[in-house]
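The values are calculated or read from the model by the stated rules, or taken from the named source; none is laboratory data. Everything quoted here is computed from the prediction, not taken from an experiment. When we count neighbours, we look across all protein chains shown, and the Cβ atoms used for this are built from the backbone with ideal geometry, even at glycine. The area values use the complete protein model at the heavy-atom level, side chains included, leaving out ligands, DNA and RNA. Shrake-Rupley method; radii C 1.70, N 1.55, O 1.52, S 1.80 Å.
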Amino acid sequence: MIEHRALLTGSPAQVILRWHIQSGHSVIPRSTNPDHLANNLDLMDVELSEREMAAIAALETGERCGPDPIAFEAA
């Protein structure tokens, strides 16, 4: 699905963060691990082709994979 070139130049996290940035989304990467955070912020070496962008966008199912922020209730 994703060309090997993109995965060779970046981690899976970098690829999906880059997809969001190239799609014009605001991205706030987070991690409690300083190395992971630095890696998440180092996106300049990763650029996705139009084909890769479309392949990732095609994964959209219309369903959330995490908690719904509208229905979120603090414990």
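Thinking of the range 33-75 as a set of Cα atoms, what percent of all their pairs are more than 15 Å apart? Display every interim value, and only then the final one.
On the way: 623 of 903 pairs.
Cα-Cα pairs in the range 33-75 separated by more than 15 Å: 69 percent.
Using the alpha-carbon positions of the chain, Rg (one decimal) and Dmax (whole number) come out as 14.1, 43 Å.
What the chain shows is 79 Å² of accessible area per residue, with the surface traced by a 1.4 Å probe over protein heavy atoms. Summary of packing: across the peptides 26-35, 42-51, the per-residue average of other C-beta atoms within 10 Å ranks them, highest first, as 42-51, 26-35.
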